[in-house]
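The values are calculated or read from the model by the stated rules, or taken from the named source; none is laboratory data. All values derive from a computational prediction rather than experimental measurement. With ideal geometry, Cβ positions are generated from the backbone for all residues, glycine too; neighbour counts draw on all protein chains shown. Surface accessibility is based on the protein's heavy atoms, side chains included, excluding ligands, DNA and RNA. Shrake-Rupley method; radii C 1.70, N 1.55, O 1.52, S 1.80 Å.
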Amino acid sequence: MPAVKLFQLPGAWGAPSVSPFCIKLETYLRLAKQPFDSRSGAPMQSPNGKVPWTDIDGVVVADSQRVIEHLAAHHGVDLDQRLSETEKRRSHALRRILEASTYFGLCWIRWVDEEGFVAYKPVLLKMAPPVLNHLVLPLLRRGVKKQVMAQGTGLLSEQEVHALVARDFEALDEALGDKPFVFGDEPTSIDAVLFAFVESLMAFPVEGPSKAAVRDNTRLLEFRARVRARAYPESA
Ligand SMILES: N[C@@H](CCC(=O)N[C@@H](CS)C(=O)NCC(=O)O)C(=O)O
């Protein structure tokens, strides 16, 4: 087994990290039973300017998906090994819904929405008080708002953003169906991604229509509890 150092943002509100991509990777490593050493790391320290990143046997790999692919290609650590080519393509499509659509909805909920930012701000300030002070935070917020605008989610109304997030989760719920995990009885990489995004939405302490929709979805809530019990038995 390779020696993995995982650099990521710390947790809050009971979630393993404030970043869905960090939760995804930590959950993947845990589900794959790959030991790792978790270290605190901020985007500005990362080789690609984003969290998470890793050091795997001395090789630095940034980006959660690259890490998953690196572990499969070089170390035989691969939760998707048993999937057919068709299932791998479905997994890719489902992952992209969450990472390229839902993610920006979550950014809107935390960074653009006033109530969301009021709740997020103290957590951000606590994470790195000397660096992330009251002067830097508005600049960070402006940067995230710009990203959310450029991607398109920032151009939508509040109702539209929540409707989009709720529909993304409906699509994932449909793919999950009544199975324990998306591709059957055992977890694969898409389960780590789905868990990360359900967890990120539900743990954030601000109510809204998209959170209410997932709260009404027993299958997704049971899925969240199932992954938590497997990957984080200490807190399940
Ligand atoms: N494709 C990347 C996305 C990572 C990402 O967007 N991370 C966010 C935190 S959730 C980040 O570091 N943002 C900092 C920034 O964009 O400045 C991955 O899968 O790791």
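Quick look at the numbers
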{"quantity": "Cβ-based net charge around ALA3, under 15 Å, with every Lys or Arg adding one and every Asp or Glu removing one", "calculated": "0"}
{"quantity": "Region 26-163 shape via C-alpha gyration tensor axes, a/c threshold 1.5", "calculated": "oblate"}
{"quantity": "Structure-based [θ]222 nm, the chain - -39500 (n - 2.57) summed over DSSP H runs of at least 4, per residue, nearest 500", "calculated": "-17000 deg cm²/dmol"}
{"quantity": "Convex hull volume of region 4-75 per residue (C-alpha atoms, cubic angstrom)", "calculated": "78"}
{"quantity": "Region 4-75 - percent of accessible surface contributed by carbon and sulfur, probe 1.4 Å", "calculated": "52"}
{"quantity": "The chain: Lys pairs at Cα distance under 22 angstrom, eight or more positions apart or on different chains", "calculated": "20"}
{"quantity": "Percent accessible area from carbon and sulfur atoms, region 93-236, protein chains only, probe 1.4 Å", "calculated": "57"}
{"quantity": "Solvent-accessible area per residue, Å², over region 85-231 with all protein chains present [probe radius 1.4 Å]", "calculated": "49"}
{"quantity": "Under 5 Å, built H, 5+ apart or other chain: amide partners of TRP53", "calculated": "PHE7"}
{"quantity": "LEU135/SER157 FRET efficiency (R0 41 Å; Cβ-Cβ; nearest 0.05)", "calculated": "0.85"}
{"quantity": "Global form of region 85-231, assessed from the alpha-carbon gyration tensor, a/c cut-off 1.5", "calculated": "prolate"}
